Every structure is written in structure tokens, then in C-alpha cells.
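What follows is a short report on a single structure.
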Amino acid sequence: MTSETYPVHRPAVVFRSIGRCLLAYILAFAAGWLVIALVGPRELDPRSDSFETLPFWESFEESLRTGLTMFLLIGVPTILIALLAGLAWRTTESGQFRAIMALAFLPPMWPLVGASTPLYLGVQTVVQVVFATVLMPVPLIQGAPPKMTENARDSLLPVFAVDDQLSVSARSSPISVARSGDAYPDMEVMQYARNGSPKVVARDSMRNEHALDSAPVKFDHWPLYTANIDRKWTDGRCTSGCGR
């Protein structure tokens, strides 16, 4: 039995994921420019010819207005890059993807290269890198994981027929497998990734060779041991029920 499934992304899930990305960046950007406004050098007073600076609160407000302009020049391109890359992201490992994004978010900072103080460029660099490596949702759109459920029965009769319930729930990691019912026959669940080698995600051996596991009467004692099983695996490791 082979099954190939893909997560289905409803419009509500897509818009909610995009909203989370936008909110994360806006908050990070606002925090960075709040720091600049509080500890950065005061803005020059345009009414003075002697390079006098504005009072603290006036300088604070001016810095925030500058931050709004920088959001249009830096923030908007950064968000567009994040959304386009996030929607296109498929198989790259999340750590590698974040590292790529950290580099991709640096070019939009070009308006700050000639800033009068390196504080602007330094704080904005921290904002871009922290957003890429920590705050940005990866993957951008998190739909429900593909899930396959099958009832394996080899006969229409309810007696002396193999009757197993098998379910597989998969994200990129982990992959969960559950099997309940008869402890017969052997079972092996394989993952065939597009860009990787085949991997065993669950393996189970039939408990007995007398073929009585599907008998209508179940025994959990010697010499038959035909009671139903309920076993679970995560990424190839049995986590429940495998001692029976």
C-alpha cells in the first residue's frame, strides 16, 4: 500500500500565517527604532544655525518619524522578501533557510549605509538578523500535517481475517505511525522523500506464526497470545505497546 499526501492550506490559514509574519517584523522593527530614539544622538534643530540639538522629547519624536520613513524603505522590501521566500520554501532545512534569509535581509538596509551614526545601521542589522533567525515563522504556512488512515482487512468475513487499523501522520519531522488490531502480519512503513534516501519510519513483526491472531476469541496467555495490539512509533522508534 503506497500513499502520497500533501497538506491542504485553506485561505484562512494562509492569511493568518502571513499576518503572524507581518506582526513579528513590525514589532521587531518598532523595538529597534525605539532603542534608537531613546539612546541615539539627538536630532539637529533645523531652526538653529549653530548645530544645536533638539530637546530630548522633540528629538525622540523626530527619530520615530525617521523610523516610519525607514520602514517604507527597509521594512516593506524585507517583508516582501520574507513572504515570497516563505511561500516558495519547500524542502530546505529550517536552519539553512533562516541563514539564507538573514543574508537576504541585509541589502534592503542600503539607506542606512551613509547614516550620520553607525548606531542606525547596527541596530537595524540586529533587527533583520533576529527576525530571520528567531522571529520569522518557518515554515511560513503551517497547515495540518498529512494523515493517512487505513483499515487493512483481507476478508469480508469477521473471523479468521487479518484486521488492522493503520494511521500515519507526517510533517517534515516527526513522522508518527500507529497500528492496532491483529498482531499479524509483518509491517514496514517507509518514507520516500523527494530529495533524500528511503527511511524506515516503523517496523513491526508478527507475534506468532500459527496464524491464530485473527481468531474470533482472543487469548493473552501461553501458548497462543492472540490478544490485539496497540503500538505507536515516532520516526522509526517504538514509543508505546511494543513490549507486548
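The values are calculated or read from the model by the stated rules, or taken from the named source; none is laboratory data. Everything numeric here is computed off the predicted structure, so don't read it as measured data. Here Cβ is always computed from backbone atoms with ideal geometry, including for glycine, and neighbour counts include all displayed protein chains.
Cβ-Cβ distances below 6 Å connect the following pairs, each with a first residue in region 230-244 that is at pLDDT 80 or above and of a type in the set (Ser, Thr, Tyr), a second residue that is assigned to a loop (DSSP other than H, G, I, E, B) and surrounded by 13 or more Cβ atoms within 10 Å (Cβ to Cβ), and a separation of six or more residues or different chains: 234/174.
I'd like to know if region 112-119 contains one or more residues that are in the same structural domain as residue 17 (by TED's automatic domain parsing) and within 21 Å of residue 23 (Cα to Cα).
Here is the first cut: in region 112-119, the ones in the same structural domain as residue 17 (by TED's automatic domain parsing) are 112-119.
With within 21 Å of residue 23 (Cα to Cα) added as a condition, the list becomes none.
No, the conditions are met nowhere in region 112-119.
Taking the residues in region 114-129 that are touching a helix residue (DSSP H, G or I) at 6+ places or on another chain (Cβ under 6 Å) and among the β-branched types (Val, Ile, Thr) as candidates, determine which candidate is nearest to residue 62 (Cα to Cα). Across region 114-129, the extreme among qualifying residues is 123. Criterion first (in a loop (DSSP other than H, G, I, E, B), acidic (Asp, Glu), exposed (fewer than 15 other Cβ atoms within 10 Å of the Cβ) and at pLDDT below 90) does residue 4 satisfy it? Taking the combined requirement at face value, the residue satisfies it. Taken together, the residues in region 29-56 that are touching a Leu at 6+ places or on another chain (Cβ under 6 Å) and at pLDDT 85 or above amount to 1. Scanning region 79-129 for residues that are closer than 19 Å to residue 66 by Cα, of a type in the set (A, V, I, L, M, F, W, C) and assigned to a helix (DSSP H, G or I) gives 79, 109, 110, 112, 119, 121, 123, 126, 127. A Cβ distance below 8 Å, combined with a sequence gap of six or more or placement on separate chains, defines the contacts here; from region 113-131, residues that are polar (S, T, N, Q) reach residues that are outside any helix (DSSP H, G or I) in the pairs 116/41; 117/40; 117/41; 125/106; 128/105; 128/106.
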